[in-house]
Structure formats: C-alpha cells, structure tokens
Amino acid sequence: MPFFKYQGTGNDFVMIDDRSETFPASDQALIERLCHRRFGIGADGLILLRNDPDYDFRMIYFNADGAEGSMCGNGGRCIVRFAHDLNLFEGQTRFIAVDGEHTATVTDNDVSLKMSDVAAIGEQGNHVFLNTGSPHAVLFTDDLESTDVVAEGRAIRYSEPFSPGGTNVNFVQQTDQSSLYVRTYERGVEDETYSCGTGVTAAALAAHSQLGVAEPVAIRTLGGNLRVSFNQKPDGTFTDVYLIGPARRVFTGSCTI
Ligand SMILES: N[C@H](CCC[C@H](N)C(=O)O)C(=O)O
C-alpha cells in the first residue's frame, strides 16, 4: 500500500490517498501498527484523503491509538499541502472534516487553515477549557522548560471533570506581548507531541482573553513556530480563526503490513 508522510512543526502524519475508498478504516489495530514508531512507519496520527461531492476533498483523522479522532489542526494543514501536491486545487481550497467545513490557502512555506469558530472559553474543574475542534485544557506557567508535561498532562487528561472522553492538555508560557511558548500532552497519542495545532489555537485564544496577549499571537512549540490570528466579536465569540505555519511532505513509501 502506497503512503506519504507529512509533518507540520514536528506533528507527523501518515497520509493516504484514499479516493478509491479501499483503505480498511475500521481496522483500529492496523492504524495503530502503522503509526507505531518501532513496529510501523511512525506517526502521531493517520489521515485519509477522500473525495466528497461538495468539497475539494474530505479529511478523516485517526489518532496514533487507531481510533478516529476529533479535529487535528496540524493534520489539517498537512492534508491541505497533500491535496495541493496532488493538484486538487490551486491557491485556495475548501474541504470538509469531522468538525465541519474549512478553507485554507498555501504559499511555498506556509499553510493557513481556517479553524472553527469558538463560542466560549469556559472552565472545567479549575482549568481553562475550550474546544477548537478538539477539547483542550490550558494551564499557564512561568517555567515551561521544567514542567513535567507527560506526568502532569496525563493526570489531567484522565481526571474526573473531563471523563469519559478526556482532554488534550496545553502548558503555556507568555514570552512577549504577543508571543507564547506552548507544550502539549495529546490524548490519543498519550504523550507529549512536538506541536498540536488545535492546542496552540486554544492557547492563543485563552491567553488573549485571560492575559491580554495581543493578536496575532506567535507561538513557539518544540517542533517550530506557528501563528494564530482571529477576531473577537462583542459577545466574546472568536471568528476568523487562522492557524498558520509550515507543513511539508517528508517521504513517500510503500508499506507491507
Ligand atoms: N495534533 C492535533 C490534535 C489531534 C487531536 C487529538 N489528539 C484528540 O483530541 O484526540 C492537532 O494538531 O490539532
């Protein structure tokens, strides 16, 4: 089976052109094996590109544990780059994902992806919590370098206010008037990833409303730099939310498992 591998700020994905709809999408063990870093290709998730009658393409995203996930922002940017590489569009695209319609534009370096509107920033237990296509708890810290992201993130991910679905957990340090450093524990990968697109989006919106961080927000992650721009309406709703940064193909292969 032919596959591609893409990464966006170090969040990496097995990408499959499944316009023929022949990939066994309900085989969770197979997807988990393909994403395994020792026994498979190795990735934080697997993404199928399928046809859709009303859009340029449809995105179907699976976490590394093989289960179909909620929206993936970096995966969304990567599948846009993939669709562009397949010549499915020029300049601007419109596609459908699990959380609805997205538009995106590409340049040589960056993919700018329009994210879903965010109605409100709430609280869950004593954590700032919001849904940017995926659920995210946001915790602010002054010393992100020495935060134990895996241990602390895992404890919150499985904690009572978020059960049974769980949440992704972002640790956020403000580094400037309009800059953040963000590290994320991702559910479904059950580890810290190098970057999480819906996570940095959540961090930017939460930091804007809680700390007054200026828009557009520049974000450093372990895997590189992203930008989040947005508009906030008088009723508090965030619209025109864009996640912007690099996404590229890193290899092409064929797997036998
Ligand atoms: N890496 C993804 C998030 C995947 C979401 C997933 N971990 C979940 O909520 O189950 C991103 O760039 O937004």
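Among the conditions (1) open to solvent by 20 Å² or more (accessible area, probe 1.4 Å); (2) away from the ligand (no atom under 12 Å from the Cβ); (3) not in a strand (DSSP E or B), the only one that LEU205 does not satisfy is (1). On inspection, ASP148 does not qualify as touching a strand residue (DSSP E or B) at 6+ places or on another chain (Cβ under 9 Å), over 20 Å from ALA64 (Cβ atoms), away from the ligand (no atom under 16 Å from the Cβ) and modelled with pLDDT of 95 or more.
Please enumerate the residues belonging to the stretch 35-85 that are among the hydroxyl-bearing types (Ser, Thr, Tyr) and in contact (Cβ under 8 Å) with a residue 40 or more places away in the chain. Matches in the stretch 35-85: TYR55, SER70. For residues that are out of contact with any strand residue (DSSP E or B) (no Cβ under 8 Å at 6 or more places or on another chain) and within 11 Å of the ligand (Cβ to nearest atom), tally how many sit in the stretch 40-77. Of the residues in that region, 2 qualify.
Taken together, GLY100, GLY91 contain a single residue that is over 22 Å from ASP27 (Cβ atoms), surrounded by fewer than 19 Cβ atoms within 10 Å (Cβ to Cβ) and within 16 Å of the ligand (Cβ to nearest atom), which is GLY100. What number of residues within the stretch 122-142 are modelled with pLDDT of 95 or more and either of a type in the set (A, V, I, L, M, F, W, C) or farther than 20 Å from ALA218 by Cβ (or both)? Residues flagged as modelled with pLDDT of 95 or more and either of a type in the set (A, V, I, L, M, F, W, C) or farther than 20 Å from ALA218 by Cβ (or both) within the stretch 122-142 amount to 11. Selection over the stretch 5-39 of residues that are surrounded by fewer than 21 Cβ atoms within 10 Å (Cβ to Cβ) and away from the ligand (no atom under 16 Å from the Cβ) gives a count of 17. So if I check each of VAL128, VAL106, VAL80, which one is in the same structural domain as GLY224 (by TED's automatic domain parsing), under 23 Å from THR239 (Cβ atoms) and within 19 Å of the chain's Cα centre (by Cα)? Criteria check complete, one pass: VAL128. Against the conditions (1) farther than 25 Å from VAL80 by Cα; (2) surrounded by 16 or more Cβ atoms within 10 Å (Cβ to Cβ), ASP110 satisfies every one except (1).
The values are calculated or read from the model by the stated rules, or taken from the named source; none is laboratory data. Note that this is a predicted model, so its numbers are computed, not measured. Neighbour counts are summed over all protein chains in view; Cβ atoms, including those assigned to glycine, are modelled from backbone coordinates with ideal geometry. SASA here: full protein model, heavy atoms, side chains in, ligands and nucleic acids out. Shrake-Rupley method; radii C 1.70, N 1.55, O 1.52, S 1.80 Å.
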